[in-house]
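For reference, the structure discussed in these notes is given below.
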Amino acid sequence: ISGEQSVKIVLLGDSGVGKSSLALRFVTNEFRPYSESTIGASFMSKSITVPFSPSVRNDEGQGTSDSKTLESRQHQRTIGLKIWDTAGQEKYRSLAPMYYRGAEAAILVYDITVPASFVALQDWALELQHNASPELMLVICGNKSDLGECRRVDRGVGEAYAREMGAVYVETSAKDGQGVEDMFSGVAMRIPPL
Ligand code: GTP
Ligand code: MG
């Protein structure tokens, strides 16, 4: 659709943490228990309508007599999310800059049951700090929240790290859908309007 704002989002993180599953859940609302490891990268897109967040509303105090309908329409916008799902296997690591370059947001994913994937996430965060735009929005995503009884990275540890990095922290499950829609719409809402 012409005139629609679009946002480039890149998913990064170790192989097996669920990047492709998160994209698939968000875009098609499906889950595959035996998903294939991504080769190179894959692309998916979806348009969503989100309210302007209070911090970016610039019409406060005006048009107070508008009807409810008009008001709610004015306070929403449609954003096309262009999602680049990268391959987590080490052999594809050198491709990553092609995908995070020019991105407005990076979602760094780890698996809450695999501490090594949280360590790997910190490497990604440092790489982005050094090589990506300082404007890049960072989201730290602890995935597989449905496996809570096997959790090996405390939520507080993830949250503390996100705070340190100035990142947003979310926990998701691509399997049951928990938190997935909110994560992507949260990114869209934080994108400044054109
Ligand atoms: P690469 O493409 O190799 O980088 O991996 P990936 O991060 O894309 O992981 P993928 O989405 O392929 O998921 C790996 C495995 O974890 C698959 O068997 C998924 O079904 C499973 N999986 C993904 N997300 C979840 C989740 O939230 N909960 C559970 N229980 N399993 C999940
Ligand atoms: Mg994948």
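The values are calculated or read from the model by the stated rules, or taken from the named source; none is laboratory data. Please read all numbers here as calculations on a predicted model, not as lab measurements. Backbone-built Cβ (ideal geometry, glycine too); neighbour counts: all protein chains shown. Surface accessibility is based on the protein's heavy atoms, side chains included, excluding ligands, DNA and RNA. Shrake-Rupley method; radii C 1.70, N 1.55, O 1.52, S 1.80 Å.
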Of residues in segment 99-119 being over 18 Å from Val170 (Cβ atoms) and touching a residue at least 12 places away in the same chain (Cβ under 8 Å), the one most open to solvent (accessible area, probe 1.4 Å): Arg101
Selection count, segment 180-189, where residues are free of Cβ contacts under 8 Å to residues at least 60 places away in the same chain and open to solvent by 20 Å² or more (accessible area, probe 1.4 Å): 1
Residue in segment 157-165 that is open to solvent by less than 20 Å² (accessible area, probe 1.4 Å) and within 16 Å of ligand 2 (Cβ to nearest atom) present: no
Filter result for the condition that a residue is away from ligand 1 (no atom under 16 Å from the Cβ) and on the phi > 0 side of the Ramachandran plot, over Gly179, Gly166, Gly156, Gly186: Gly166
Members of segment 82-105 found to be small (Gly, Ala, Ser) and away from ligand 1 (no atom under 16 Å from the Cβ), listed by number: Gly102, Ala103, Ala105
Selection status of Ser55, open to solvent by 50 Å² or more (accessible area, probe 1.4 Å) and either at pLDDT 55 or above or in a loop (DSSP other than H, G, I, E, B) (or both): no
Residue check, Phe43 near ligand 1 (Cβ under 7 Å from one of its atoms), open to solvent by 20 Å² or more (accessible area, probe 1.4 Å) and either touching a residue at least 60 places away in the same chain (Cβ under 8 Å) or in contact with a strand residue (DSSP E or B) (Cβ under 8 Å, 6 or more places away or on another chain) (or both): no
Verdict on Val119 being in a helix (DSSP H, G or I) and either at pLDDT below 95 or more than 30 Å from Thr49 (Cβ to Cβ) (or both): yes
Options Ala125, Ala103, Ala96; residue that is part of a loop (DSSP other than H, G, I, E, B) and touching a Leu at 6+ places or on another chain (Cβ under 7 Å): Ala103
Filtered residue count, segment 11-34, keeping only those that are free of Cβ contacts under 8 Å to residues at least 60 places away in the same chain, more than 6 Å from ligand 1 (Cβ to nearest atom) and assigned to a loop (DSSP other than H, G, I, E, B): 1
